[in-house]
Amino acid sequence: MDALDRKIINLLQTGFPLTEAPFLDVAVQLGVEEKELLKRLSDLLENKTLSRFGPMYDAQKLGGAFSLVAVRVPEDKYEIVTAIVNSFPEVAHNYKRDHDLNMWYVLATDSPEKIDEVNAKIEKKSGLKVYNMPKLEEYYIGLNLPV
Amino acid sequence: MDMKVKYRLPSLPQQAVLDDTDQALITLIQTGLPLSPTPYADIAKELQLNEEDVIQRIQKLNDDNVIKRFGVVVRHHELGYKANAMTVWNIPDDAVSELGACMGQFDFVTLCYRRPRRLPDWPYNLFTMIHGKDRDDVLANIELLAKRCNLDENEHKVLFSTRRFKQRGAIYR
């Protein structure tokens, strides 16, 4: 990644024009050819520096639901509980963290009711108590990391 | 009499009112915009709409915050932000909104949510994801954050992840 790639990423983290020729508008702003900008973006997606170029949705507005859930898993049961939790397709990710509550998974479902359903199933299968911590309020998300 | 509402439950985001065309548009562009000189015209052609309509619908989705961000979505790890920690704070309920807003303005804070406490096991009600080049950088950022938002007195915990077991992107209709 060179200086131009960095300029492109930093600028496009802040938004993208809704105009007839948006790449041309951005290219002019960066002082490069439109073709060069498109090539760079294509390469950055190809080599996985960027995960996506486009919209990031608020899943709740689309009717979906998310929740963060913590579990206190005994070390000797960690593998088996991981297998149980990860067997549910609603589990979007699952991290081990250095705390007494050591398993943290995120549920992404198509309705809020499903969150409780999946958690109940996980409690039953694992025999462990789950701590459901849905988002109550979201503050500004600064996903703009200078690169 | 001076009546002040010190604490009220925040309203959760409501499901947006979307028609079939919005749904089709949301689905079509969820994996990304076409990398062509005229992406909106291309989308319009695909959906049998006109370009102006596509632009207006995306603008509306953006204004209604159905679209939270529009542009590049970076992979932190590939960009050298190799460490992150879920950092949780125990903040008085009547101060959490103000402090959340303060923390959320820092570039290295990528998530900032209020969540319920689960007493007595879990007293923390403000969750932040803090990024850095390495662990020390993350810890330095947390210290900076605490200082700048006057959080030294507040109880907090830093939970580095030790293993990642599963990660998939959210899938929408």
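No value in this document is a laboratory result; all are computed from the given coordinates. A quick note: this is a predicted structure, and the numbers were derived from the prediction, not measured. Note that each Cβ is placed from the backbone with ideal geometry, even for glycine, and that neighbours are counted across all protein chains shown.
Values computed for the structure shown
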quantity: Cross-chain or 6+ apart pairs with Cβ under 8 Å, region B:141-152 first and surrounded by fewer than 12 Cβ atoms within 10 Å (Cβ to Cβ), then outside any loop (DSSP other than H, G, I, E, B); calculated: B:Asp152/B:Ala146
quantity: Qualifying strands (runs of 3 or more DSSP E) (wholly inside region A:82-135; at least 3 residues being closer than 20 Å to B:Gln15 by Cβ); calculated: A:103-109
quantity: Members of region A:1-30 that are free of Cβ contacts under 8 Å to residues at least 60 places away in the same chain, closer than 26 Å to B:Asp63 by Cβ and part of a loop (DSSP other than H, G, I, E, B); calculated: A:Gly15, A:Phe16, A:Pro17, A:Leu18, A:Thr19, A:Glu20, A:Ala21
quantity: Test result for A:Ala70, surrounded by fewer than 18 Cβ atoms within 10 Å (Cβ to Cβ), of a type in the set (A, V, I, L, M, F, W, C), at the interface with another protein chain (Cβ under 10 Å from one of its Cβ atoms) and farther than 30 Å from A:Asn10 by Cβ; calculated: no
quantity: Candidates B:Arg114, B:Arg69 - the one that is buried (at least 19 other Cβ atoms within 10 Å of the Cβ), at the interface with another protein chain (Cβ under 7 Å from one of its Cβ atoms) and touching an Asp or Glu at 6+ places or on another chain (Cβ under 6 Å); calculated: B:Arg114
quantity: Identity of the residue in region B:97-135, among the aromatic types (Phe, Trp, Tyr) and part of a loop (DSSP other than H, G, I, E, B), that ends up nearest to A:Val130 (Cα to Cα); calculated: B:Tyr124
quantity: Residue count for region A:117-133, restricted to those that are of a type in the set (D, E, K, R) and under 22 Å from B:Tyr124 (Cβ atoms); calculated: 2
